Amino acid sequence: TAIATSSSADPGRLFALNLGATSDEPGTILWSAPVGVTSGCTPAYYARAGGAAGFVIVADADGWIRALNAETGGEEWTYRVPDPESYQFPPAWKWVPGGTFWGGVSIEGDSAYAASYGFYGGEDNSFLYRLNALTGDLVWRTPSERSSSVPVILGDTVLLCGGLHMYGVPKIEAFAKDTGAKLWEFTDAGGRDHTPAVVNGVCYVGTAPGLGGFYYQTLYALDLSLTPDDAEFVLSSPDGAGGTPAYADGNIYSVGADGLQAFGEPPPEHDWPVDGDANLDCTVNILDLIFVRNRFNSDPASGDNWQADVTCDGSINILDMIFVRNALNTRCTQ
């Protein structure tokens, strides 16, 4: 599917395109359906159980979340933010209480999530919504920063970036998936148009530019097993990047004032280094010494190099060799 954008006053349309056809062939457009004002309103696909046709779910800036049949484009259900009719001064979407939708929809299980953007009010002036993806019924809504981003669902948590300077607070917020209750917020990073990336339990999120700035400033790596109240919550915070990150081939990519940068992801949690078993065969022997020696001065955060950092001091050097030598002919405890 594709969504056609519109101006701030004109409605848009949602298109289903046949990717196997060229633009001049019949059947390129399988169907199209009207939606409200759109800008950044990325649709999501809900796969129904039992082989039934799925839904394409999209939110728009008129305050609607719509589910359309993926095969026909027919409307399956709609949900509109509460009480928009009481605010009709054009353009109507600016006056909807709690805002309307300028970002994408996320699907997880049988639920759809979308965050609204309120044009008036201060901190947490908008709402994060969870709907039943099959019926469109409201499961919960909870106050959140204004956002034109996409909620990220991770286990029992929903992460959302929102806010902007002078109109609320740029931040990343975490909510309980079951209830919508706010679990924590981190105000050193995040912003209304930022989408975080999560890899191996680490959340990568950038710091919004200051007033008059253009670039996200710093890329934070956050340990999601902790909260902002914990000392080790921030794993790293390199400057010069911070735009919405992407993950591929073990690296995190982000743009910022210094251009495009690539960062190695933190190594996964492990217990083997305390035993000196660098090659993870559950025996400490000459093979572990060779493994460590071959990775001298390598980056422990790259590939499987973390296994060679048996002292867990962030570098691979002679101290790791000594550690393994002193543990020769022992077996690991895993």
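Where Lys and Arg each count +1 and Asp and Glu each count -1, what net charge lies around Gly206 among other residues with Cβ under 11 Å from its Cβ?
-3
Two decimals is fine: what's Rg over Rh for the stretch 221-328, C-alpha atoms, Kirkwood radius as Rh?
1.05
What ranking, highest mean first, results for peptides 302-308, 241-247, 323-329 when packing means the other Cβ atoms within 10 Å averaged over each residue?
Most protected by this proxy first, the peptides run 241-247, 302-308, 323-329.
With Cβ to Cβ distances under 12 Å as the rule, what net charge do the other residues near Asn326 carry (K, R +1; D, E -1)?
Working: positive: Arg325; negative: Asp275, Asp288, Asp320.
Neighbourhood net charge equals -2.
Could you please report the charge total around Gly168, scoring K, R as +1 and D, E as -1 over all other residues with beta-carbon less than 14 angstrom from its beta-carbon?
After counting each charged neighbour, the total is -3.
What whole number of Å gives the distance from the Cα centroid of the stretch 140-182 to the Cα centroid of the stretch 302-324?
38 Å
Carbon and sulfur: what percent of the chain's accessible surface (1.4 Å probe)?
On the way: 8250 of 15830 Å².
It is 52 percent, rounded to a whole number.
What fraction of the Cα pairs in the stretch 145-275, stated in percent, has a spacing above 18 angstrom? List each step's numbers first, then the result.
Details: 4435 of 8515 pairs.
So the portion of pairs separated by more than 18 Å is 52 percent.
With unit charges on the beta carbons (Lys and Arg positive, Asp and Glu negative) and the dipole taken about the Cα centre of the stretch 145-185, which residue among Ala174, Val152, Leu164 sits farthest to the positive side?
Sorting the options by dipole projection puts first Leu164.
Can you give the log10 of the normalised intensity I(q)/I(0) at q = 0.07, 0.08 Å⁻¹, computed with Debye over equal Cα scatterers of the chain?
-0.39, -0.49
Quickly rank 70-82, 30-42 as a protection proxy: mean count of other C-beta atoms within 10 Å, highest first.
Going by the mean number of other Cβ atoms within 10 Å, highest first, we get 30-42, 70-82.
Considering all alpha-carbon pairs of the stretch 103-221, what whole percent are spaced by more than 25 angstrom? List each step's numbers first, then the result.
Details: 1209 of 7021 pairs.
The calculated P(r) of the stretch 103-221 puts 17 percent of pairs beyond 25 Å.
Residues of the chain: accessible area per residue at 1.4 Å, in Å²?
Working: 15830 Å² over 334 residues.
I get 47 Å² per residue for this part.
When the distances between all Cα atoms of the stretch 115-176 are binned every 5 Å from zero, what whole-number percent does each bin get?
Histogramming the stretch 115-176 at 5 Å steps yields 4, 20, 28, 24, 14, 7, 3, 0 percent.
The values are calculated or read from the model by the stated rules, or taken from the named source; none is laboratory data. Since we're looking at a predicted model, the values are computed, not measured. Cβ sites come from the backbone with ideal geometry, for glycine too, and all protein chains shown count toward neighbours. Keep in mind that these areas ignore ligands, DNA and RNA; they rest on the heavy atoms of the full protein, side chains included. Shrake-Rupley method; radii C 1.70, N 1.55, O 1.52, S 1.80 Å.
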